[in-house]
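Structure first, then comments.
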Amino acid sequence: MKANNESKLRIIPLGGLEQIGMNITAFEYEDSIVVVDCGIAFPDDDMLGIDLVIPDITYLRDNIDKVKGFVITHGHEDHIGALPYVLKEVNVPVYATKLTVGLIENKLKEHNLLRTTKRKTIKHGQSINLGRFRIEFIKTNHSIQDASALAIYSPAGTIIHTGDFKVDYTPVFGDAIDLQRFAEIGKKGVLALMCDSTNAERKGFTMSERTVGKTFDNIFSDHTNSRLIIATFASNVDRVQQIINSAYKFGRKVVVEGRSMVNVITTAAELGYLNIPDKTLIDIDQMKNYPDEQMVLVTTGSQGESMAALSRMAANIHKKVSIKPGDTIVFSSNPIPGNEKAVSKVINELSAKGADVIFQDVHVSGHACQEEIKLIYSLVKPKYAIPVHGEYRHLKAQSKLALELGIPKENIFILRSGEVLELNQEGAQQNGKVQTGAIMVDGLGVGDVGNIVLRDRQHLSEDGIIIVVLTLERRGNQLLSGPDIVSRGFVYVRESEDLMGEARVVVEDALDECLSHKVSDWGKIKNVIKDSLGGFVWKRTQRRPMILPIIMEA
């Protein structure tokens, strides 16, 4: 699919719109493609047994000779999680800031890709040349260190991609967002702004991360006699830093629990993004040597994930920690949309064990609210607005803000994943679509579970299965044994012997009918058994279990 005019920039989101997660966008100009971010999404409730979801990168695979590299804005899973899967098919260099590269390397190690993947660490303010593009990293603030916005310079004009950001004038670590640079680039003229929409519905400003530190101090001073267990996002290094600061101030030892949390904290500490006073951090096995009032446990599971450390503690299946009356548990996060039920369940389980649960005012968002979004628009003064990162309602909310700030309606584009936006100084228009979609990862299988398998799982989970086993003689089609009927997840067999007996008669009749008519096509015999048994079961139970006839030959 060629552009009618060679000199247009094409922006192609391959994921990350219509949902929170799976962020990946391709920027294409003539013979060069640069890809920004490469994240995973977490499975929906109806994706039974699926571990994570990665984007369909058929478009990149088909244009592999144009792809110059991945440029990553920050180290969250929904921006880096799919890299190890995608790099196996599109092996190009990865460019990111120091902490982000550290977190990506953890993933590459797990997938044995360290040797084959080129990675380059970029500092804020630096630029890299990739084909027809020049890309500059701009310092921003977010709930993880080293987050960047990107200025993407192409012959057709400059695009600013904010990545995930907030404006924090008093960050816990490092400098505030480089607003001056946004303004300088804005003065020179910006073709389009792609801005984070996650909090576009919220009025006002997002509070500084530092305000959480004061709340922690209050919690520590109010609960001097109980063990503290604090759940937060594994990647929120600044939050962990503030917990460590309060723990040190109040003479407590800190234990970090949960695999992802240990990974991130170890990497951050090694790279100098965490300042841990001597002898503050202890191993979970040393916990028993200290009284409860000297302990703080920092753990994963603030989203109610069933396998995360806090959920395992709540369900009594954690090997090293059990919740007891008098524990104080702090949820230092807000539920991500869709996780409210899971979080509520864990809070109830913890409260039932006699623990005191705190979840007010112990979290601030890592995303910009309306006033910060307006600030960026006012500094950048883009010709076109392309809201990104959010569900449709978030993108819509941001497009409203852009309209209020004077950007004409026809210059605001809410794209869907796969839609191609072509633009240059003369104009912008949507032109065609490329293949996109969600590839499901189940255990070690990537993409081997599709909609049909999921539909079967759904069916099995709702109505169960009946298996009919029989043996036929190879030549004469004589019934040698069976039919035997086995069921799982349909009815409790011991209490439904009559039903199963009748079902067996139904199958025998169907089989006799086939054999007496000399039907030798086993596919046909299976279908007849399926239809007659299915009809009988529906009449008797109003259920439609999956029916699986198995014919063996002897």
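With the condition kept exactly as written, say whether any residue in the stretch 100-107 is basic (Lys, Arg) and within 30 Å of Lys8 (Cα to Cα). Scanning the stretch 100-107 turns up no residue that is basic (Lys, Arg) and within 30 Å of Lys8 (Cα to Cα).
The combined condition, being outside any helix (DSSP H, G or I) and loosely packed, with under 15 Cβ neighbours inside 10 Å, is fulfilled by Gln429. Being in contact (Cβ under 8 Å) with a residue 24 or more places away in the chain, small (Gly, Ala, Ser) and closer than 30 Å to Ala176 by Cα is a property that Ala368 has.
In the stretch 94-146, what residues are aromatic (Phe, Trp, Tyr) and either out of contact with any Lys or Arg (no Cβ under 8 Å at 6 or more places or on another chain) or farther than 20 Å from Gly81 by Cβ (or both)? Phe133, Phe137 - these are the residues of the stretch 94-146 that are aromatic (Phe, Trp, Tyr) and either out of contact with any Lys or Arg (no Cβ under 8 Å at 6 or more places or on another chain) or farther than 20 Å from Gly81 by Cβ (or both).
Give the residues of the stretch 159-188 that are without any contact (Cβ under 8 Å) to a residue 40 or more places away in the chain and in contact with a Pro (Cβ under 9 Å, 6 or more places away or on another chain), sorted by residue number. Ile177, the sole residue that qualifies.
Rundown of residues vs (1) assigned to a strand (DSSP E or B); (2) out of contact with any Asp or Glu (no Cβ under 7 Å at 6 or more places or on another chain); (3) among the β-branched types (Val, Ile, Thr); (4) in the same structural domain as Met194 (by TED's automatic domain parsing), yes/no style:
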residue	(1), (2), (3), (4)
Gly49	no, no, no, yes
Tyr95	yes, yes, no, yes
Leu99	no, no, no, yes
Leu108	no, yes, no, yes
Thr116	no, yes, yes, yes
Ala149	yes, yes, no, yes
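When restricted to residues that are surrounded by fewer than 12 Cβ atoms within 10 Å (Cβ to Cβ), among the charged types (D, E, K, R) and not in a helix (DSSP H, G or I), the stretch 514-544 contains 2. Within the stretch 276-291, the set of residues being in contact with a Lys or Arg (Cβ under 6 Å, 6 or more places away or on another chain) and either part of a loop (DSSP other than H, G, I, E, B) or exposed (fewer than 15 other Cβ atoms within 10 Å of the Cβ) (or both) comprises Ile282, Tyr290. Evaluation of Arg252 against the conditions (1) under 19 Å from Val330 (Cβ atoms); (2) surrounded by 20 or more Cβ atoms within 10 Å (Cβ to Cβ); (3) modelled with pLDDT under 95 shows that the sole unmet condition is (3). Taking the stated definitions as given, is Leu511 in contact (Cβ under 8 Å) with a residue 12 or more places away in the chain, assigned to a helix (DSSP H, G or I), farther than 20 Å from Val528 by Cβ and of a type outside the set (Lys, Arg)? The answer is no for Leu511. Can you tell me which residue in the stretch 173-198 is farthest from Glu371 (Cα to Cα), limited to those that are in contact with a helix residue (DSSP H, G or I) (Cβ under 8 Å, 6 or more places away or on another chain) and in a loop (DSSP other than H, G, I, E, B)? Per the criteria, the residue is Phe173. One residue is enough: does the stretch 70-92 have a residue meeting the conditions assigned to a loop (DSSP other than H, G, I, E, B), among the charged types (D, E, K, R) and either closer than 24 Å to Thr158 by Cα or not assigned by TED's automatic domain parsing to the domain that holds Ile128 (or both)? Taking every residue of the stretch 70-92 in turn, none turns out to be assigned to a loop (DSSP other than H, G, I, E, B), among the charged types (D, E, K, R) and either closer than 24 Å to Thr158 by Cα or not assigned by TED's automatic domain parsing to the domain that holds Ile128 (or both). Out of Gly258, Gly272, one residue alone is touching a helix residue (DSSP H, G or I) at 6+ places or on another chain (Cβ under 9 Å), farther than 23 Å from Val362 by Cβ and free of Cβ contacts under 8 Å to residues at least 60 places away in the same chain. It is Gly272. For the stretch 457-477, filtered to residues that are loosely packed, with under 14 Cβ neighbours inside 10 Å and more than 18 Å from Val491 (Cα to Cα), the residue that is modelled with the highest pLDDT is Glu473.
The values are calculated or read from the model by the stated rules, or taken from the named source; none is laboratory data. Worth saying up front: this structure is predicted, and the values here are computed from it rather than measured. No Cβ is skipped: glycine too gets one built from the backbone with ideal geometry, and neighbour counts run over all protein chains shown.
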